[in-house]
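Engineer: The following block contains the structure, expressed as structure tokens.
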Amino acid sequence: MNTPWILGLTGGIGSGKSAAAQHFIDLGVHLVDADHAARWVVEPGRPALARIVERFGPQVLQADGQLDRAALRQLIFQDQQQRRWLESLLHPLIGEEIRNYLERAESPYAILVSPLLIESGQTAMTKRVLVVDAPEELQRQRTMARDQVSAAQVEAILKAQAARDERLRHADDVLLNDRDPAWLRSEVERLHRFYLTLRGGQP
Ligand code: ADP
């Protein structure tokens, strides 16, 4: 069997990435989420967790031995050097985790879902980029309804992410998710039919 080509799926917070990803899964497409891979590499028993504890001490562990993300975030919050150390430890491991997972994918193409696909350089792993896009006002409304966060918190996240036009510049395909859920589903189906016609991500 040919190895599947990789589609990168990204979009700003609240754009509808996860909802779109779920529709692709329902269509039988194999998919890995970069946020999940980032959690797997620090699970108890994995070498990265031991290195983190070595550096920051047992205060970054919860009672059950899992990484205490909030405690770690607090420690690196205003310490650029520590943050860089952590990034240089985790970045390659997350990439490896994603690659291992995608190598086992068996659908004609497979998807890497990543909120920071473009910012993190993970596009190097993909043949094609699909951006789920929505007007910022809709992103705000959907995120606040989903996460019960304040307008200020959403604003801070929006600012930290790549600007909309920067993301769109990297897009091969754009799914404009500005209508109802049925529209989103039909757009995913349309794109899926198109992707099945591609060889190696190219027409
Ligand atoms: P992301 O993963 O990009 O942050 P989600 O897929 O979680 O975004 O979508 C954000 C919220 O908006 C979710 O609660 C989702 O169910 C809802 N949502 C997504 N697309 C639509 C749509 N077309 N119409 C209505 N609600 C939507």
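The values are calculated or read from the model by the stated rules, or taken from the named source; none is laboratory data. Owing to the predicted nature of the structure, the values given are computational and were not obtained by experimental measurement. All Cβ positions, even for glycine, are placed from backbone atoms using ideal geometry, and neighbour counts span all protein chains on display. Ligands, DNA and RNA are stripped out before the accessible areas are found, and what is left, the full protein with its side chains, is counted by its heavy atoms. Shrake-Rupley method; radii C 1.70, N 1.55, O 1.52, S 1.80 Å.
Engineer: Return yes when Trp85 is more than 16 Å from the ligand (Cβ to nearest atom), open to solvent by 30 Å² or more (accessible area, probe 1.4 Å) and of a type in the set (Phe, Trp, Tyr) and no when it is not.
Structural biologist: Numbers: more than 16 Å from the ligand (Cβ to nearest atom): yes; open to solvent by 30 Å² or more (accessible area, probe 1.4 Å): yes; of a type in the set (Phe, Trp, Tyr): yes.
It is true that Trp85 is more than 16 Å from the ligand (Cβ to nearest atom), open to solvent by 30 Å² or more (accessible area, probe 1.4 Å) and of a type in the set (Phe, Trp, Tyr).
Engineer: Scan the stretch 41-51 and tell me whether some residue there is more than 16 Å from the ligand (Cβ to nearest atom), surrounded by 15 or more Cβ atoms within 10 Å (Cβ to Cβ) and under 17 Å from the mean Cα position of the chain (by Cα).
Structural biologist: Yes, the stretch 41-51 contains a residue that is more than 16 Å from the ligand (Cβ to nearest atom), surrounded by 15 or more Cβ atoms within 10 Å (Cβ to Cβ) and under 17 Å from the mean Cα position of the chain (by Cα).
Engineer: Out of the residues in the stretch 1-29 that are over 22 Å from His170 (Cβ atoms) and open to solvent by 70 Å² or more (accessible area, probe 1.4 Å), state the one that is nearest to the ligand (Cβ to nearest atom).
Structural biologist: Gln22
Engineer: Kindly establish whether Arg199 is farther than 19 Å from Gly14 by Cα and surrounded by fewer than 19 Cβ atoms within 10 Å (Cβ to Cβ). It would help to see each step written out before you state the result.
Structural biologist: Details: farther than 19 Å from Gly14 by Cα: yes; surrounded by fewer than 19 Cβ atoms within 10 Å (Cβ to Cβ): yes.
Answer is yes for this residue.
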